[in-house]
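Below is one structure, written out as C-alpha cells, with a few remarks after it.
What follows draws every value from the coordinates through simple rules; no lab data is involved. Values in this document were obtained by computation on a predicted structure and should not be read as measured data. No Cβ is skipped: glycine too gets one built from the backbone with ideal geometry, and neighbour counts run over all protein chains shown.
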Amino acid sequence: MIEFRFENEFELENLTEYEHWIEAVISSEGKICGDITYTFCGDVFLDKLNRHYLDHEDYTDIISFDDSIGAIISGEIFISTDRVEENAQKYGLPFSEELLRVMAHGLLHYCGYQDKSVSDKKEMRKKEDEKMELFHVEQS
C-alpha cells in the first residue's frame, strides 16, 4: 500500500499517477511494493526528525526509514518541500522534476543503492534519471 501524508500546505495532485509510478520504480528493480508512506513537510518538521533520529543538525531534503524485508520494499519517506523548492531554484529545475528525483532517491536507497562515495553518487544519479523517465511512461 502506498500512502501520502501532508504536514504542510503542499498538496500532491494526481495521487494515482504517483502510485503507479512508485510501483513501476520498485518493480523495475525486481522488487515488490510493500507499505510505502511519503510524508511531505517543511524544514522545521524534518529538522526535528533529523536531530532526534539521526543526530544531524543540517537541513536535508529527505529522510527515509527503511522497513524492507528481502525483496519487499517498505518504509517511511519524509520530504521537505522547502528543500525541494530551494534545490530546484538552485539547479534551475522545475519543482516537479526535483520532487520526482527526491521521491525516487528514497526508493532507490530501499533497493540497495547508496550515495556515500563519488562512484555511488554517480550511480544513484543515473538511477534517479532512469526512474524519473518512468513517470511519463503509460502505466497499464
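Which value in nm describes the separation of the simple spin-label points at ASN8 and GLN89, placed 7 Å from the Cα toward the beta carbon?
About 1.2 nm separates the two model spin labels.
Before anything else, pin down the relative contact order of region 1-133: Cα pairs under 8 Å, at least 6 apart, normalised by residue count, whole percent.
Value for region 1-133: 22 percent.
Calculate the dipole size of region 2-133 relative to its Cα centre from +1 charges on Lys and Arg beta carbons and -1 charges on Asp and Glu beta carbons; express the result in debye to the nearest 20.
Here the size comes out at about 520 debye.
Which one of GLY42, GLY92, GLY34 has the biggest mean-square fluctuation once the chain is modelled by GNM with Cα springs under 10 Å?
GLY92
With the chain treated as a Gaussian network of Cα nodes joined by springs under 10 Å, which of THR37, THR16, THR60 yields the largest mean-square fluctuation?
Answer for the Gaussian network model of the chain: THR16.
Only bridges with both residues in the chain count here: give the DSSP antiparallel percent, nearest 5.
Among the beta bridges of the chain, antiparallel pairing accounts for roughly 30 percent.
From zero outward in steps of 10 Å, how is the percent of C-alpha pairs of the chain spread across the bins?
Result returned by the calculation: 12, 43, 39, 6, 0.
May I ask you to derive the FRET efficiency for ALA24 and GLU97 from their Cβ-Cβ distance with R0 = 25 Å, giving the value to the nearest 0.05?
0.90
Only sites in a loop by DSSP and with at most 14 other Cβ atoms within 10 Å count here; which chymotrypsin sites (Phe, Trp or Tyr not before Pro) in region 37-140 make the cut?
Passing both the DSSP loop test and the Cβ count: TYR59.
At a Förster radius of 25 Å, what calculated FRET efficiency corresponds to the Cβ-Cβ distance of LYS122 and ASP67, to the nearest 0.05?
Once the sixth-power term is evaluated, E becomes 0.35.
Apply 1/(1 + (r/R0)^6) to the Cβ-Cβ distance of ASP35 and HIS136, taking R0 = 35 Å, and write down the FRET efficiency to the nearest 0.05.
After rounding to 0.05, the efficiency reads 0.85.
Have a look at VAL118, VAL44, VAL84 and tell me which one the Gaussian network model of the chain (Cα, springs below 10 Å) gives the largest fluctuation.
In the Gaussian network model the winner is VAL118.
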